[in-house]
Amino acid sequence: MLSVSTNWISRSVLTGDEIIAAVEAVGLSSIELAYSLTHRQAEELQRAIHASPPLIRVSSVHAPCPADPMSSPSPEGYILSDTSDSGRRKAVDALIKTAHFAAEMGAKVVVSHGGHISAIRSTMQNLTELLEAGKRHTDEYSKRLEKMFSQRDDKARKPFKALIESLDDVLPTFERLDLTLAIENMPSFHALPSEAEMQLLLERYPSKHFGYWHDLGHADIRERYGVIHHLPLLKRFLPRLKGVHLHYSPLLVDTHQMPTAAGNTATLDFGKYKFLKDANIPLVLEPSSSVPLEAVAGAVKYLTEIWA
């Protein structure tokens, strides 16, 4: 089921009706409610969702949602991996609020970031410089990548433990509400969880109320850095896959562009991921707010054709 994130349009319109009009204009009838959605927009969309028949359907909710009116919209305003108890508690409370909101809106899946390791946020620039210099397959690159993995693993222990404590706190609410919490993969080295850490989480929480959310664009960036093999990784996590974000980035920064038939998707061949349409999970277009309506409509048409 193709859907589109409200992050694409919610910052540039005022009302829920305008969001619905934009979604219909690109040929869709389903949305992911995301973290830039205002309370007013959420209230108007709720009426549309519960109309008879529904005027729009909800595929998923991206935490935290709706946006906190007292701060700038962000998926990591509070992080589940915060090593301070007060910060972690705020993240837990925000995610529990999102879970109740998702239940009210009829969603079945909430996607959330796991957090990050603040001590190593800026280290990717070293690798980027080598990649841009054409040194991806050199000993210099391999040694630097190995060093970064070592540094990351050393600094990940405390925030990963905090993430586990947060999941222990929130999952009883998801089980009680019959919702699924899915943790999203991110493109950077400082993000939590890594692929290996995600495997540990899936083993720790075998419940149907917990799973993995795959972002194609993020995984493509990690593959270009040499961190993962994208397609085998996705197939490994397929049994616990709860949803997918669809976009790509032509550069090594996360720009959330839309695929088109013009073949402008850099290294990401969307045709290889046709099997996702049979997974019975939300497939959410996640364009940047700068992407025009025509490009989103083109992506809907393109993906519908190549995944037919």
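The values are calculated or read from the model by the stated rules, or taken from the named source; none is laboratory data. In this text the structure is predicted, and so the values were computed from the model without any measurement. Glycine also receives a Cβ, built like all others from the backbone with ideal geometry; neighbour counts cover every protein chain displayed.
Taken together, His100, His137 contain a single residue that is touching a Ser or Thr at 6+ places or on another chain (Cβ under 9 Å) and surrounded by fewer than 21 Cβ atoms within 10 Å (Cβ to Cβ), which is His100. Scanning segment 199-241 for residues that are in a loop (DSSP other than H, G, I, E, B) and either among the polar types (S, T, N, Q) or touching a Cys at 6+ places or on another chain (Cβ under 9 Å) (or both) yields one hit, Ser207. In the set (1) under 14 Å from the mean Cα position of the chain (by Cα); (2) of a type outside the set (Ser, Thr, Tyr); (3) farther than 29 Å from Leu177 by Cβ, His245 fails one condition alone, (3). Any residue in segment 195-217 that is closer than 15 Å to Val170 by Cα and among the small types (Gly, Ala, Ser) sitting within a Cβ distance under 7 Å of a residue that is assigned to a loop (DSSP other than H, G, I, E, B) and at pLDDT 95 or above? List the pairs, counting only those 6 or more apart or interchain. The qualifying pairs do not exist here. Among residues of segment 2-22 that are under 18 Å from Lys301 (Cα atoms), none has a beta-carbon under 6 Å from a residue that is assigned to a helix (DSSP H, G or I) and aromatic (Phe, Trp, Tyr) at least six positions away or on a different chain. Consider segment 72-85 and keep the residues that are under 14 Å from Arg11 (Cα atoms) and among the hydroxyl-bearing types (Ser, Thr, Tyr). The one that is nearest to the chain's Cα centre (by Cα) is Ser74. Out of everything in segment 120-166 that is touching a helix residue (DSSP H, G or I) at 6+ places or on another chain (Cβ under 9 Å) and in a loop (DSSP other than H, G, I, E, B), what residue ends up being nearest to Ser188 (Cα to Cα)? Checking each candidate, the answer is Thr123. Filtered by the rule that a residue be under 24 Å from Gly226 (Cα atoms) and either touching a His at 6+ places or on another chain (Cβ under 9 Å) or surrounded by fewer than 15 Cβ atoms within 10 Å (Cβ to Cβ) (or both), segment 191-205 gives Ala191, Leu192, Ala196, Leu200.
This table checks each residue for (1) out of contact with any strand residue (DSSP E or B) (no Cβ under 7 Å at 6 or more places or on another chain); (2) among the β-branched types (Val, Ile, Thr); (3) without any contact (Cβ under 8 Å) to a residue 60 or more places away in the chain; (4) within 29 Å of Glu43 (Cβ to Cβ).
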| residue | (1), (2), (3), (4) |
| --- | --- |
| Ser84 | yes, no, yes, no |
| Ala107 | no, no, no, yes |
| Gly115 | yes, no, no, no |
| Asn126 | yes, no, yes, no |
| Glu129 | yes, no, yes, no |
| Glu140 | yes, no, yes, no |
| Arg144 | yes, no, yes, no |
| Lys147 | yes, no, yes, no |
| Gln151 | yes, no, yes, no |
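Any residue that is crowded, with 21+ Cβ neighbours inside 10 Å, among the polar types (S, T, N, Q), touching a strand residue (DSSP E or B) at 6+ places or on another chain (Cβ under 9 Å) and modelled with pLDDT of 95 or more - is there at least one of those in segment 63-81? Within segment 63-81, one or more residues are crowded, with 21+ Cβ neighbours inside 10 Å, among the polar types (S, T, N, Q), touching a strand residue (DSSP E or B) at 6+ places or on another chain (Cβ under 9 Å) and modelled with pLDDT of 95 or more.
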